[in-house]
1. If I go through the stretch 140-173 residue by residue, how many of them are assigned to a strand (DSSP E or B) and either at pLDDT 95 or above or in contact with a Gly (Cβ under 8 Å, 6 or more places away or on another chain) (or both)?
2. Residue 55 passes all but one of (1) outside any helix (DSSP H, G or I); (2) surrounded by fewer than 16 Cβ atoms within 10 Å (Cβ to Cβ); which number fails?
3. Quick one: how many residues across the stretch 147-192 are under 20 Å from the mean Cα position of the chain (by Cα) and open to solvent by 60 Å² or more (accessible area, probe 1.4 Å)?
4. Among the residues that make up the stretch 61-80, is at least one of them part of a helix (DSSP H, G or I), open to solvent by less than 50 Å² (accessible area, probe 1.4 Å) and modelled with pLDDT of 85 or more?
5. Hey, can you tell me all the residues within the stretch 224-249 that are surrounded by fewer than 24 Cβ atoms within 10 Å (Cβ to Cβ) and among the hydroxyl-bearing types (Ser, Thr, Tyr)?
6. Could you grab me the full set of residues in the stretch 4-25 that are among the hydroxyl-bearing types (Ser, Thr, Tyr) and over 30 Å from the mean Cα position of the chain (by Cα)?
7. When you go through (1) over 19 Å from residue 273 (Cβ atoms); (2) modelled with pLDDT under 85; (3) open to solvent by 50 Å² or more (accessible area, probe 1.4 Å) one by one for residue 29, which number turns out not to apply?
Amino acid sequence: MADAEDAVQETYLRWHEADRGRVSNAKAFLMTTTTRICIDMLTSARAHREEYIGPWLPEPILDAAALTPDSRVELAEDLSIALLLTLDRLSPLERAAFLLHDVFNFSFSEVASALKRSEAACRKLAGRARANVRASRPRGATIPRASSGGIDPKHAQFLSAFAAATQSGDLNAITQLLATDVRVVTDGGGKVRAALKVIDGADRVAQFLVGVTRKHEDAWWHDDFSLRFALVNGLPGVVVDSSQGAVQTTAFEIEGEVIKALYVVRNPDKLRHLAPAPHKRGSE
């Protein structure tokens, strides 16, 4: 998010300094400037990512309660973790061509001008990206509709049952709530304790969750910590807060009646932007 804000700020500065008399199309100028700044950032980020410790996840974004139901669904689709992870695997040019044409509805002529590539090349870039995005969309996963308080009651009940099973250490109960090919992705960025590899399979995931819960049980249920439900990148999730702010987010990809994936962000650099919740003990 900080990179996105920097890109917008840099674009504004260049627009402010530009000779407006020589700018024939303000929209094209702003799109091209922003695109090239972002491509430079993505190229730099890709090099930095090679040195990242453990799995990488996008920064968690909590849905705003003020959004209309339709806007929440649209935001959930645009910011889904599966989509963001897929975009991150694309080359900067593929990512730019796909977003500009398929998301922001710029013509391939405009995209070609911004990327300094031919229209044919931009069509191929967008086509490759589009195929990857389609393949990454979870099959059967439902986009949750939030209530005014956060996630919908059905998902809140499901997560409450999951939390109870995890806290009690009931491996059989946990496994019943997991898809056979479930996976857990934890992002600590090498700054806090987190699994350094993706954990796959219901049995392994259940054992991992019980082990982690036992290690943190005394701390997480202490007065200094509280749990709350929230939509995390459009998925039902849980946020763990301390008196200083969020220390962990977990987003649940639910398919039917089972959990298909858990995305856990613990890297403090990715949690600083989250507003702290009113402090209270226990889960909501």
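1. So the first thing to find is which residues in the stretch 140-173 are assigned to a strand (DSSP E or B), and the list is 141, 147, 150.
In the following step, the residues that additionally are either at pLDDT 95 or above or in contact with a Gly (Cβ under 8 Å, 6 or more places away or on another chain) (or both) were identified as none.
Qualifying residue count for the region: 0.
2. Residue 55 satisfies every listed condition except (2).
3. Count: 2.
4. no
5. Residues satisfying the conditions are 226, 242, 243.
6. Going residue by residue through the stretch 4-25, those that are among the hydroxyl-bearing types (Ser, Thr, Tyr) are 11-12, 24.
Within the stretch 4-25, 24 is the sole residue that qualifies.
7. With (1) over 19 Å from residue 273 (Cβ atoms); (2) modelled with pLDDT under 85; (3) open to solvent by 50 Å² or more (accessible area, probe 1.4 Å) applied to residue 29, the lone miss is (2).
Yes/no matrix, rows are residues, columns are (1) modelled with pLDDT under 95; (2) touching a strand residue (DSSP E or B) at 6+ places or on another chain (Cβ under 8 Å); (3) small (Gly, Ala, Ser); (4) in a helix (DSSP H, G or I):
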{"site": "123", "(1), (2), (3), (4)": "no, no, no, yes"}
{"site": "126", "(1), (2), (3), (4)": "no, no, yes, yes"}
{"site": "130", "(1), (2), (3), (4)": "yes, no, no, yes"}
{"site": "138", "(1), (2), (3), (4)": "yes, yes, no, no"}
{"site": "175", "(1), (2), (3), (4)": "no, no, no, yes"}
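The values are calculated or read from the model by the stated rules, or taken from the named source; none is laboratory data. Small disclaimer: the values here were computed from a predicted structure and weren't measured. Please note: Cβ atoms are built from the backbone with ideal geometry, for glycine as well, and neighbour counts cover all protein chains shown. Ligands, DNA and RNA are stripped out before the accessible areas are found, and what is left, the full protein with its side chains, is counted by its heavy atoms. Shrake-Rupley method; radii C 1.70, N 1.55, O 1.52, S 1.80 Å.
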